[in-house]
Amino acid sequence: DFHVDEYRFLSNFYPAEVDWAGVIFPTVEHAYQAAKTLNPVEVEAIRTASTPGKAKKLGKVVTKIIGFDFVTTIKIILGASVLFSGLFTFLWLREKFSNPAAFTGSIVYALFPYHVWDLYKRGSVGELLALAIIPFILWQIERKSIALAGVGIALLILGHNVLALLFLPVILIYL
């Protein structure tokens, strides 16, 4: 265990007050576990837990913010990003090609090896969301919906700024 002696301060269990959402927690672990719920009673129980270990135990049984634990929420986001990648690609390509060609293109895009590698190996949430937003932007450009294209560009920048830097020139050329 490397969180002993001179490196003990790196542990979430190290006693260091944390101000999160205007509430003072005795350790990072207390604050981290309290962030899993919006229930003020549960937040207070975690905040007042006598040890970080007890706070961690309480954090495992709190009411989740959207009804799923953290890992399940990430899996849902990753799966939805792949589905929306395919859907938005289909809607974009349908503007230019026949439905069978658009469907084929959307399957190829959604299951492109880099996309699959990003999903299964890296688990890069921001990048997968950005890869779903790019065909959305192109679809909105085809539909002449500047407002929604602008929203898509803003989401692209927020989701993954490196992909935004790579694709904004492509989007400008596509215009």
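First measure r as the distance between the Cβ atoms of residue 44 and residue 6, then evaluate 1/(1 + (r/R0)^6) with R0 = 25 Å and state the FRET efficiency to the nearest 0.05.
Numbers: r = 34 Å, r/R0 = 1.36.
So, using R0 = 25 Å, E works out to roughly 0.15.
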Sites matching trypsin sites (Lys or Arg not before Pro) across the range 71-107 that sit in DSSP coil, with at most 13 neighbouring C-beta atoms within 10 Å: 96
Loop-located GluC sites (Glu not before Pro) in the range 80-175 whose Cβ has at most 15 other Cβ within 10 Å (DSSP): 95
Reach of residue 60 by Cα under 17 Å, taken over lysines that are not fewer than 8 positions away in the same chain: 36
P(r) of the range 42-103 over all Cα-Cα pairs, binned every 10 Å from zero, in whole percent: 19, 25, 19, 15, 11, 9, 1
Low-density loop cleavage sites - trypsin sites (Lys or Arg not before Pro) in the range 97-175, where at most 14 other Cβ are within 10 Å (DSSP): 143, 144
Net charge contributed by nearby residues that have their C-beta within less than 12 Å of residue 139 (K/R +1, D/E -1): +2
Note, ³J(HN,Hα) from phi for the range 122-135, Karplus 6.51, -1.76, 1.60, rounded to Hz, x at Gly and Pro: 8, x, 7, 4, x, 5, 5, 5, 5, 5, 7, 6, 4, x
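Provide the per residue accessible area, probe 1.4 Å, for the range 50-175, rounded to a whole number of square angstrom. Can you show the working numbers first?
Numbers: 7720 Å² over 126 residues.
In whole numbers, the range 50-175 has 61 Å² accessible per residue.
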Under 5 Å, built H, 5+ apart or other chain: amide partners of residue 20: 25
Sulfur and carbon atoms: percent of accessible area, the chain [1.4 Å]: 70
Proximal aspartates and glutamates to residue 96, defined as alpha-carbon separation beneath 13 angstrom and excluding residues fewer than eight positions away on the same chain: 142
Residues in the range 91-118 that a label on residue 75 would reach, taking backbone N under 20 Å of a point 7 Å out along Cα→Cβ: 116-118
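In whole percent, what relative contact order does the chain give with Cα contacts below 8 Å and a gap of six or more residues?
Details: 192 pairs, mean separation 23.1, N = 175.
Computed value for the chain: 13 percent relative contact order.
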Value of Rg to Rh for the range 17-128 (Rh from inverse mean 1/r over Cα pairs, i.e. Kirkwood): 1.24
Centre separation in Å (Cα based) which lies between the range 101-175 and the range 17-86: 30
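Can you give the calculated 222 nm mean residue ellipticity of the chain, where each DSSP H run of n ≥ 4 adds -39,500 (n - 2.57) and the sum is split over every residue, rounded to the nearest 500 deg cm²/dmol? Could you put the intermediate results ahead of the total?
Numbers: 9 runs with 111 residues, N = 175.
-20000 deg cm²/dmol, from helical runs alone.
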Max mean-square fluctuation residue, GNM over the chain, Cα-Cα springs under 10 Å, options 149, 49, 164: 49
Residue 146 versus residue 98: modelled label distance in nm, points set 7 Å from Cα along the beta carbon direction: 3.6
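The values are calculated or read from the model by the stated rules, or taken from the named source; none is laboratory data. Since this is a predicted model, take the numbers as computed values, not measurements. All Cβ positions, glycine included, derive from the backbone under ideal geometry; neighbour counts span all protein chains shown. Ligands, DNA and RNA are stripped out before the accessible areas are found, and what is left, the full protein with its side chains, is counted by its heavy atoms. Shrake-Rupley method; radii C 1.70, N 1.55, O 1.52, S 1.80 Å.
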